[in-house]
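Here the structure comes first, spelled out in C-alpha cells, and everything after it is commentary.
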Amino acid sequence: MSNNTAMRETDMVVIGAGPGGYVAAFAAADRGMNVMLVDAGEQPGGVCLNRGCIPSKTLLHITQLISETRETGPRGVTWSQPAIDPAALRRWKDEVIARNAAGIRQLAKARKVELVRAWTRFENAQTLALGTQRDGRPDLGQVKFQRAVLATGSRPTANNALSIDSPRVMNSTDALELADIPKSLLVVGGGYIGLEMGTIYAALGSEVTVIEMTDGLLPGTDRDLVRILQARLRKALKNIYLQTKVANMADVGHAVSVTFEQAGRAGSGTSAPSDKQEFERVLVAVGRTPNSNGLGLENTSVKIAPDGFVEVNEQLQTAEESIYAIGDVIGQPMLAHKASHEGKVVAEVLAGAPASHDSRVIPAVVFTDPEIAWAGLTETQAAEAGIEIRIAKFPWGASGRAAAIGRNDGVTKIVADPSTQRILGVGIAGVGASELIAEAVLAIEMGATTTDIARCVHPHPTLSETIAEGAELAFGTTIHQAPRQH
Ligand code: FAD
C-alpha cells in the first residue's frame, strides 16, 4: 500500500478494505470514478479474509476431512490416527490468506484504485486525516473527497466479566492463530463463531465445552434445524451447557479457573456444569461490535444508533450527505456477502443509478458439521410476525445421496405462502447446506412457486433433490415419502 503524505483529492474515498469496502471501491472504479481505498491493516481483505471467513473455512475444511476419516471404519476403511502439525496448518492458512490478499492488490492496481495503509479520522464532511496511529494525527496527510464510504466493519465484543488479562483467554482472532491445540477449551457463546471454532478445535483433539447464556444454541435459528446440529455436537464436544454464564474467570497459571452461573435448569440433552472448572484455554465469542467510534464522526452529521451501528437510508446514505456506509458497521446480518452486496449497491447509487438495498433474502450459513443454512422467511420469524405459512420438511433419511455418504442427519424445510404457493424461505441442516442454499436464494428472488421448483429436474443422486422433494411435499406428495393417511 502507498504512504504519500501530500494533501490529495479524490471523487470517492472508501474507509476499510474488507468485503464491503474493496467491492464498493472496485465497483465504483468500474463506473469511472477516481477511488482511494484506505485501510489500517497490513493487507487488504478486512476481517473476512484476514481473521474471519477465509481462515476459519480453511481450517474447517481440514478438520472436516479428519472427522470424515474417523467414520469410515464401519464402511470398510480404517485410517491411522492423523498426525497434526499445528505449525504446518498455520502456514497453509496464512498462505491461503496471502494469496487472496495479493489478488485484491492486483485487482486494485488493474483498476487504478489507490490502496493506502492508514488510520483515518473525519476532520469534517469533506476531509479525512490519514495517520500511522489511531489518535487522528494526520502524519500521513489529508484527503479531500466528494463522497466517502464508511466500511470499517466490526470487532469482537469485549465483555467486562470476561476481560481478564491472560494469554489463555482468546477472542476469535487469537483462536484462528492456532498457537497450540489445548487439551481443554471452553467456548463462551453458542453463536456461529463459537460453534465453528469449537468444531475446529474438537476435531484437532481438544476437549471442548460450549456454554450459552440463552436456552438454545444459535439463538434465533429455527429449533428443528439446530436440534440436528446439536445431536452431532453432543458427540463431538465434551459438554454443552445452556442457560449458563461465566460468573468469574481467573488465570491460575496452568489453566483458567471458571465459575459458572446457571439460570434455571439446563436445556434438554445438555449437562449441568459443576460450579467451578479449569480449562487450558478459553475462547470468548459473545458477539461483535461495530467500528463506529474513534473515526471523528462527531465532526460530521453522521448519526450513530445507541447500539453503535451507523444509521443509513435505503440508498446507504448516512445523515451526512457526502458520507455513505456499508457492511458490519451498519448492522445485521453481519456477513461478508451482505457487505459485498451493499458495496455494489452503493457504487450504483454514487454513479446515479436508482439502486437501493433490501436485506430480506441474505442467506445465512453456520459452517459447522453438519452445516445449517437458511434464506428468506424462517419459521421462527413467521411465528413472531403472525404470518400464515405452509411448511414442508423433507428428511434426509429419504435421500439416496445422503445415505450414500452416510449422512442422513439432515432436513430440508420449505416455507411457502399457503395461498399463492410462492416460496418465502428455505432452511437446511445437513452437510453441504452452504452450497445448497444458493438455489433457495434464486427461487425466492425470482418469486418461484413450489411447483416451479418441483418441475425443475434436479440431478440424481444429489442432495439438491431434497429441495425439489420438499417443494413437492408442500402442497402434495413426493415419491420418497409415504403419502399422509386421510
Ligand atoms: P471488515 O471485514 O470488518 O473490514 C473492515 C476494515 O476496516 C478492516 O480491514 C479494518 O482494518 C478497517 N478499519 C477499521 N477502522 C478503520 C479506521 N479507522 N481507519 C482505517 N481502516 C479501518 N461472514 C460470512 O459471510 N461468512 C463466514 O463464513 C464468516 N465467518 C466469519 C468467521 C469469523 C471468525 C468472524 C470473526 C467473522 C466471520 N464472518 C463471516 C463475518 C465477516 O467477516 C464480516 O461480516 C465481514 O468481514 C464484514 O465486512 P466489512 O467490509 O463490513 O468489514
For the residues CYS456, CYS48, CYS53, what sequence is obtained by ranking on other C-beta atoms within 10 Å, fewest first? CYS456, CYS53, CYS48
So GLU388 and ASN160, fully extended at 0.36 nm per residue minus their Cα-Cα distance, gain in nm 77.9 nm
Tally Lys/Arg at +1 and Asp/Glu at -1 over every other residue whose Cβ is under 10 Å from the Cβ of ARG117; what's the total? -2
Which whole number of Å³ per residue matches the convex hull of the alpha-carbon atoms in region 370-475? 82
Enumerate cysteines in the chain without a disulfide-compatible partner, where compatibility requires another Cys Cβ under 4.7 angstrom. CYS456
Efficiency of FRET from Cβ geometry, VAL77 and ARG234, R₀ 30 Å, rounded to 0.05: 0.75
For HIS254 and LYS276 in one chain, what is 0.36 nm times their gap in residues minus the Cα-Cα distance, to one decimal in nm? 6.4 nm
Given q = 0.09, 0.18, 0.19 Å⁻¹, what are the Debye log10 I(q)/I(0) values for region 160-284, with equal point scatterers placed on the Cα positions and solvent ignored? -0.22, -0.91, -1.02
Of SER340, SER257, HIS480, which is farthest along the charge dipole of the chain in the positive direction, counting Lys and Arg as +1 and Asp and Glu as -1 at C-beta? HIS480
How many angstrom separate the Cα center of region 58-108 from the Cα center of region 284-323? 37
What percent of all Cα-Cα pairs in region 308-403 falls into each 5 Å bin, going from 0 up to the bin containing the maximum distance? 3, 10, 16, 17, 15, 13, 11, 7, 4, 3, 1, 0
Along the positive direction of the dipole of the chain (beta-carbon charges: Lys, Arg +1; Asp, Glu -1; about the Cα centre), which of SER399, GLY331, ALA231 reaches farthest? SER399
If the only charges are +1 at each Lys and Arg Cβ and -1 at each Asp and Glu Cβ, what is the size of the charge dipole of region 370-475 around the Cα centre, to the nearest 20 debye? 200
Determine, from the Cβ-Cβ distance of ARG484 and ASN34 and an R0 of 41 Å, the FRET efficiency 1/(1 + (r/R0)^6), rounded to the nearest 0.05. 0.05
When a footprinting reagent is the concern and you count Cβ atoms within 10 Å, what order do MET197, MET7 take, fewest first? MET7, MET197
For the chain, which semi-axes, largest first and in whole Å, follow from the square roots of 5 times the eigenvalues of its Cα gyration tensor? 39, 31, 21
Quick one: order TRP119, TRP79, TRP92 by neighbouring beta-carbon count within 10 Å, fewest to most. TRP79, TRP92, TRP119
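How big is the dipole moment of region 160-284 about its Cα centre under a simple scheme where the beta carbon of each Lys and Arg is +1, that of each Asp and Glu is -1, and everything else is neutral? Debye, nearest 20, please. List each step's numbers first, then the result.
Details: 12 positive and 15 negative charges, 97 e Å.
So the magnitude is around 460 debye.
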Within region 23-127, DSSP-loop GluC sites (Glu not before Pro) with at most 16 other C-beta atoms within 10 Å are GLU42, GLU71
Can you compute the charge dipole magnitude of the chain about its Cα centre, using +1 on each Lys and Arg Cβ and -1 on each Asp and Glu Cβ, nothing else charged? Give it in debye, rounded to the nearest 20. 760
Taking the dipole about the Cα centre of the chain, with the C-beta of Lys and Arg at +1 and of Asp and Glu at -1, give me whichever of VAL14, VAL441, ASN160 is farthest to the positive side. VAL441
Rg and Dmax [Cα atoms of region 79-195; Å; Rg one decimal, Dmax integer]: 20.0, 63
Treat region 56-132 as a sphere of radius equal to its Kirkwood radius over Cα pairs and apply Stokes-Einstein at 37 °C in a medium of 0.692 mPa s; give the translational diffusion coefficient in µm²/s, rounded to a whole number. 194
Where the centre of each part is set by its Cα atoms, how far does region 154-191 sit from region 197-223, in angstrom? 13
How many lysine pairs in region 238-377, separated by 8 or more positions in sequence or lying on different chains, have Cα atoms less than 23 Å apart? 4
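Every read-out reported here was derived from the displayed coordinates using simple, explicitly stated rules and does not represent laboratory data. Quick caveat, the model's predicted, so the values are computed rather than measured. Quick reminder, even Gly has a Cβ in these numbers, built from the backbone with ideal geometry, and neighbours come from all protein chains shown.
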